[in-house]
Amino acid sequence: MNIQPPFLTGERIILRALTTDDASRDYLSWLNDPDVLRYRGPKAWPTTMADLKDFLGGLSSRTDLVLAIRESGADRHVGNIALNTILWPHGSAELSVMIGSKDVWGAGYGREAVGLLTKHAFERMGLHRIWAESPNPAFNATVKTLGWYHEGTKREAFLLDGEHIDIECWGLLASAVDGQE
């Protein structure tokens with residue numbers, strides 16, 4: 001196994017490149033767990049280890065920045081975070097995060113990861129704007145506490161347990177982090 005070195009380091013987590021070495025039974029279990037996938041949309045079929053390895057193997061050809069979230073002390077993979085749809089001419093990207101290890105839900109790892117990647121996106125990548133949208137109340141509370149701007153609501157755009165619920169849309173500008181907004 002060739003585990004990548006830390007890319008970004010926080011107080012309790014490290015973010016590093018997500019690679020085929022991360023294909024584990026734990027990671028695969030997240031992708032088939034209805035609780036983990038609750039706010040990611042329904043799945044029509046299970047994810048197999050071959051599917052997971054294909055996805056991980058294809059990351060190097062994508063223009064997304066996809067990172068593993070690992071606990072610093074235990075060096076355990078607990079989730080992933082990414083900047084997707086990076087539009088360099090516009091300086092924007094979509095942020096997505098998944099905390100797969102349910103035993104750390106509510107521990108603040110998602111918040112720390114979003115903070116680390118946001119800072120990196122603005123300070124090192126030179127992005128102007130990061131955006132995200134989610135029906136997940138925990139994610140929405142996280143970005144709100146981090147100072148993201150609520151840009152709108154996609155009304156009844158997500159089907160959850162037979163009921164259509166709203167998707168909240170968020171954005172953050174580099175100038176807001178620099179204190180210029």
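Observations on the structure shown:
- Qualifying residues in segment 95-112 (those that are part of a strand (DSSP E or B) and touching a Phe, Trp or Tyr at 6+ places or on another chain (Cβ under 8 Å)) - the one surrounded by the fewest Cβ atoms within 10 Å (Cβ to Cβ): MET98
- Segment 11-23: number of residues that are surrounded by 16 or more Cβ atoms within 10 Å (Cβ to Cβ), out of contact with any strand residue (DSSP E or B) (no Cβ under 9 Å at 6 or more places or on another chain) and of a type outside the set (Val, Ile, Thr): 1
- Contacts under 6 angstrom Cβ, first residue in segment 139-164 being under 24 Å from ILE81 (Cβ atoms), partner assigned to a loop (DSSP other than H, G, I, E, B) and not aromatic (Phe, Trp, Tyr), 6 or more apart: PHE158/PRO135
A quick yes/no check of all residues on (1) loosely packed, with under 14 Cβ neighbours inside 10 Å; (2) within 25 Å of LEU173 (Cβ to Cβ); (3) without any contact (Cβ under 8 Å) to a residue 60 or more places away in the chain; (4) among the basic types (Lys, Arg):
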{"site": "PRO5", "(1), (2), (3), (4)": "yes, no, yes, no"}
{"site": "ARG25", "(1), (2), (3), (4)": "yes, no, yes, yes"}
{"site": "ILE69", "(1), (2), (3), (4)": "no, yes, yes, no"}
{"site": "ALA93", "(1), (2), (3), (4)": "no, yes, yes, no"}
{"site": "VAL114", "(1), (2), (3), (4)": "no, yes, yes, no"}
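- TYR27 meets the conditions (1) over 25 Å from TRP131 (Cα atoms); (2) outside any helix (DSSP H, G or I); (3) in contact with a His (Cβ under 8 Å, 6 or more places away or on another chain) in every case but one. The failed one is (2).
- Meets criteria (surrounded by fewer than 18 Cβ atoms within 10 Å (Cβ to Cβ), in contact with a strand residue (DSSP E or B) (Cβ under 9 Å, 6 or more places away or on another chain), farther than 25 Å from GLY106 by Cβ and acidic (Asp, Glu)) for GLU123: no
- Failed condition for LEU15, given (1) outside any helix (DSSP H, G or I); (2) touching a Ser or Thr at 6+ places or on another chain (Cβ under 9 Å); (3) among the aliphatic types (A, V, I, L, M); (4) at pLDDT below 95: (4)
- Candidates in segment 106-164 are the residues that are more than 15 Å from the chain's Cα centre (by Cα) and hydroxyl-bearing (Ser, Thr, Tyr); of these, the one that is farthest from ILE14 (Cα to Cα) is THR153.
- Subset tally (residues that are touching a residue at least 24 places away in the same chain (Cβ under 8 Å), under 20 Å from ALA113 (Cβ atoms) and either assigned to a strand (DSSP E or B) or not β-branched (Val, Ile, Thr) (or both)) for segment 32-64: 7
- Positions within segment 68-87 being of a type outside the set (S, T, N, Q) and more than 10 Å from VAL97 (Cβ to Cβ), in sequence order: ALA68, ARG70, GLU71, GLY73, ALA74, ASP75, ARG76, HIS77, VAL78, LEU83, ILE86, LEU87
The values are calculated or read from the model by the stated rules, or taken from the named source; none is laboratory data. Keep in mind that this is a model prediction, so the values were computed, not measured. Positions of Cβ are backbone-derived with ideal geometry, glycine not excepted, and every protein chain shown enters the neighbour counts.
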